[in-house]
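Reviewing the structure listed below.
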């Protein structure tokens, strides 16, 4: 329901801009002609991207935030268009169109945000889940749903297979539990799915409108990950598009190259600013390179703007190069300006060079240092499956779980990476890219 609000919100942008272009060409300046695939389309795209990054209309929480986000999105897109006009040296769109768009679209966005807020209570009603599995499975599921689910749900009841099949209590305990808790989803553990008595009761509640899922199916649909208990079992039981479908890999490379070229243009503009800022808050080398494990286990050098204090006689420009411990969020080695680089993700910008060289993709599992890969491969026999694809600048694990460092966190991250490998496709890649924009802008919301 909430995601569907994106369509009318962004359709209103196109209607407004093209409508004002039509009005200008018809009544104000008949000599001016509309190029439907020219700058009006660029302006629409800029406004839509800025609005999505600002969380309009599905993330903003209150009326004041809706107003400020709407104004910021429209003005940001307009400033970007104005910058393009300065570069081109000519007016790309009439002032009537730009000025009218700013006013109308800002009001439209505020109205869309208000409509979403009025329906959010209904849209966010959680699914009521009964779990038929071992107690630890139900316990883990409760914890997972308290995090960042793709779909809201709450565990309202749990039962073991033995309890469900206890003939001394009537043999229909599962049906009674589902009815008593008003559950609309029943999740079956591995043993439950093969128990005849359970399947019969599940069939009964299924006829009454209750959805039936196995544990892996529930994790994929509601949590956007694969359960850790099933990773090794499922490791080889799905195709990976980049490996098994050549066309996807070629299309993704065509997707990566223009983004990398655009990133190189930004890199050229940003580098002088970073050089000057380093003088005041990050003295030392501008860049550092670090070995990472890429596709098929090949080692490559990843490039970043340096964000840590240089090592005194340490054989490298940055302590990260020789670190044997995971980098923490508040790592004391990070310099003042380095914190800004990391917070804005500008430290990652030089990696557009890695993308151009084909060592990185825009979307994929984040590459790790070789000694970490060796360590994790010993603990997780299926860990190297992630190296069947090209690593990425951002990925599903990053937008879902954020910064992860400890060993247990890497197991959690691997669950998201397996989900991405299993569902690797252009639509999911675009979804990850858009969520990354929201994450950078600080407007990411769970499940969107």
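Numbers for the structure displayed
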| item | result |
| --- | --- |
| Contour minus Cα-Cα distance for residue 180 and residue 217 (0.36 nm per residue) | 10.9 nm |
| Point-to-point label distance, residue 309-residue 259, nm (Cα→Cβ direction, 7 Å offset) | 3.6 |
| Taking segment 241-441 and dividing mean pair separation by its residue count, relative contact order in percent (alpha carbons under 8 Å, at least six apart) | 22 |
| FRET efficiency estimate (nearest 0.05) - Cβ-Cβ, residue 287 to residue 228, R0 41 angstrom | 0.65 |
| Tilt relative to the chain, helix 370-379 - C-alpha long axis, 0 to 90 degrees, to 10 | 10 |
| Fraction of beta bridges assigned by DSSP in the chain that are antiparallel (%, nearest 5) | 35 |
| Most fluctuating residue given options 54, 138, 197, as computed from a GNM of the chain linking Cα atoms under 10 Å | 197 |
| Residues in segment 67-98 that a label on residue 42 would reach, taking backbone N under 13 Å of a point 7 Å out along Cα→Cβ | 78-94 |
| Helix-only mean residue ellipticity at 222 nm for the chain, each DSSP H run of n ≥ 4 adding -39500 (n - 2.57), per residue, nearest 500 | -17000 deg cm²/dmol |
| Two-site label geometry, residue 276 and residue 409: point separation in nm, points 7 Å out along Cα→Cβ | 3.4 |
| The chain: angle of helix 407-422 to the longest principal axis, Cα-based, in degrees nearest 10 | 80 |
| Normalised contact order of the chain, rounded percent, pairs of Cα under 8 Å and 6 or more residues apart | 14 |
| Using alpha-carbon coordinates, inclination of helix 135-145 to the longest axis of the chain, degrees | 20 |
| Ordering of 349-362, 183-196, 239-252, 385-398 by packing [mean C-beta count within 10 Å, highest first] | 385-398, 349-362, 183-196, 239-252 |
| Option label - Cα Rg over 2.2 N^0.38 Å computed here, alternatives [x] 0.94; [y] 1.03; [z] 1.15 | [z] |
| Highest-MSF residue in the chain out of 304, 413, 343 [GNM, Cα springs under 10 Å] | 343 |
| Additional length obtainable on full extension of the chain from residue 86 to residue 136, 0.36 nm per residue less Cα span | 11.8 nm |
| Where labels lie 7 Å past Cα in the beta-carbon direction, separation of residue 246 and residue 204 in nm | 5.5 |
| Potential extension, residue 301-residue 115 segment - 0.36 nm per residue separation minus Cα distance | 62.1 nm |
| Average Cα contact separation per residue, segment 127-223, under 8 Å, 6 or more apart, as relative contact order % | 35 |
| Separation between Cα centres of segment 1-69 and segment 139-193, rounded to whole Å | 45 |
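We did not get these values from a lab; they are worked out from the coordinates using the rules stated. Nothing here was measured: the structure is a model prediction, and the numbers come from that model. A quick note on method: Cβ atoms are made from the backbone with ideal geometry, for glycine too, and the neighbour counts reach across all protein chains shown.
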